[in-house]
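Have a look at the structure below, then the notes.
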Ligand SMILES: Nc1ncnc2c1ncn2[C@@H]1O[C@H](COP(=O)(O)OP(=O)(O)O)[C@@H](O)[C@H]1O
Ligand SMILES: [Mg+2]
């Protein structure tokens, strides 16, 4: 039957330009014009992107005679670094906790439910501070990560620096990473639970009836389908994670936002700095959204 | 059948009761199925046919009575349950193929994970049964790309890959377009000819007449009548059976 495999007809795109579009566009342009007018005439602001911003992206190292990354790019790298680790860790925690949410074992259900409710009802900043000042100083502090890393062989140090950033702020980085991952994972937990529960009863029964163990039923039949179904909201949650990662600047991890604060303080160039920072966040978030859009299409093309 | 009573008991239900909340779905069910025997179960919708055969591989838990499958008693002990499920294949009305896996992977999953066979062996078994249901050329497709009849034959092959001693069918042709029913029934007839022990819930009375060793009629959670097809169709004892047969044989 060929009509079963045929893709659904594409939704017609309206490219017609109506009166509403004209009004909306006019309003947006008007707003922009007004802001620029205010900044230029009332604040008498001299825009100066050219001399300041590029220097903070890359600077000329006269000793080594080459271009090196400067604060903004370094901040960007830290943000990307913590985002990637964060997504990885949050996915693992979210997956495990999500499976616990539908477990037959009461204790596991209570544990995961409690975790989700705890996180969902505390503001992210407060959670970060509680985690950083109480938990991580008690748990990560005695481990003396920074000292141990500094005593490691040079090769190991390079690897650590590449993976996690500057050794000096290693404890802060880990505290931030774990707090961020725990925070976002609570939302991923709920996505995973919803995904699992959306799988038809017949799939569970067929999987059980061929003698698969509960773990194998989950691993090979339920989770692959559940994850495919929750890809769009999962992508959303990852983008939220990138944006929420700005909070870690509050515990001195030198991410993009932290660098933004530094530069705007020292140069007094608030507008230029923050617009640049905003653009940089936009670029990483939006690239991720595009990448996920592609992935989703590929998954859809796979079957059905 | 006088000679079949010598054969070992494969399925044994004694005094089985099952409730859904306050509603009693099965009422003191007694049933024996011997090796190689084909039992066809029929009865009006909601009479407990599905519930009964789903108790046979513990997709449903019975509250009272005894169920022994190929010498293993079904209890809360998961070890027994898993052991039984490896011996019992089940085919569902809605096929329930795994949509994210190709046909071949659907068939290989249980041999790989449950029987822990090496990959090439699992593939061999899978291809063997795909050939038996006569769709080896569909191996690389996804279930969604197949017709209903093909999907149901894949589902039968998937169960056979576990080399079950018993096959359960729950209205395997009810979700199919009429022109596809025959290909699935033919597959089931072949299976019966090979001596598979089968319990089939179906309203396909033509199929029942050809392959059934015994007919079971259920109503309101009870087995009302059990007889050979000859007796069942020509001389039903109970009024309920007569009414049911008159309704089903008309259309
Ligand atoms: N999971 C369930 N929860 C509650 N009631 C159920 C459930 N499954 C079946 N039943 C009820 O049990 C009765 C028998 O159902 P079933 O075995 O599916 O009948 P049949 O297969 O003969 O049509 C029906 O009245 C049905 O509504
Ligand atoms: Mg039924």
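Just so it is clear, none of the values below were taken in a lab; they were calculated from the coordinates. Quick caveat: nothing in here was measured; it's all calculated off a predicted structure. Using ideal geometry, Cβ is built from the backbone for each residue, glycine included, and neighbour counts are taken over all protein chains shown.
Some notes on this structure:
- Relative contact order computed over the stretch B:105-214 (Cα-Cα under 8 Å; 6+ residues apart), in percent: 26
- Angle in degrees between helix B:78-87 and the longest Cα principal axis of chain B, rounded to the nearest 10: 80
- The overall shape of chain A, judged from the alpha-carbon gyration tensor, is oblate: a/c is not under 1.5, and a/b is no greater than b/c.
- Full extension of the segment from residue A:250 to residue A:84, taken as 0.36 nm per residue of separation minus the current Cα-Cα distance, would add 57.8 nm.
- Number of partner chain Cβ atoms within 10 Å, mean per residue of B:108-116: 4
- With the simple spin-label model, which puts each label point 7 Å out from Cα in the Cβ direction, the residue B:28 to residue B:77 separation comes to 2.8 nm.
- Crossing angle, helix B:119-132 versus chain B [Cα axis fit, 0-90 degrees, rounded to tens]: 60
- Efficiency of FRET between residue A:103 and residue A:49 - r from beta-carbon atoms, R0 45 angstrom, step 0.05: 0.25
- Top of A:289, A:90, A:33 by mean-square fluctuation, Gaussian network on chain A, Cα under 10 Å: A:33
- Counting every other Cβ atom within 10 Å of each residue's Cβ, A:223, A:177, A:270 order from fewest to most as A:270, A:223, A:177.
- Whole-Å distance, taken between Cα centres, linking the stretch B:14-68 and the stretch B:141-198: 22
- The stretch A:117-193 versus the stretch A:59-107: alpha-carbon centroid distance in Å: 10
- Calculated FRET efficiency, residue B:66 to residue B:193, Cβ-Cβ distance, R0 = 22 Å: about 0.10 to the nearest 0.05.
- Taking a ≥ b ≥ c as the square roots of the eigenvalues of the Cα gyration tensor, an a/c ratio of 1.5 or more together with a/b larger than b/c marks the stretch A:126-230 as prolate.
- Shown is the FRET efficiency for residue A:148 and residue A:27, computed with R0 = 60 Å from the Cβ-Cβ distance and rounded to the nearest 0.05: 0.55.
- Max mean-square fluctuation residue, GNM over chain B, Cα-Cα springs under 10 Å, options B:96, B:17, B:57: B:96
- Among A:168, A:269, A:66, the order by Cβ neighbours within 10 angstrom, fewest to most, reads A:66, A:168, A:269.
- Cβ neighbours within 10 Å from other chains - mean over A:224-236: 1
- Gyration tensor (Cα) of the protein assembly as shown, equivalent ellipsoid semi-axes in angstrom: 64, 28, 22
- The angle between the Cα long axis of helix B:148-160 and the longest principal axis of the Cα atoms of chain B comes to about 90 degrees, rounded to the nearest 10.
- Across the stretch A:59-303, C-alpha contacts under 8 Å between residues 6 or more apart give a mean separation that, scaled by the residue count, equals a relative contact order of 28 percent.
- Our estimate of slack between residue B:137 and residue B:14, defined as 0.36 nm per intervening residue step minus the Cα-Cα distance, is 39.8 nm.
- Taken residue by residue and averaged, Cβ atoms of other chains lying within 10 Å of the Cβ of B:75-83 number 1.
- GNM result for chain A, Cα springs below 10 Å: residue of A:175, A:185, A:206 fluctuating most strongly: A:206
- Once C-alpha pairs closer than 8 Å and six or more residues apart are averaged by separation and normalised to the residue number of the stretch A:218-295, the relative contact order reads 34 percent.
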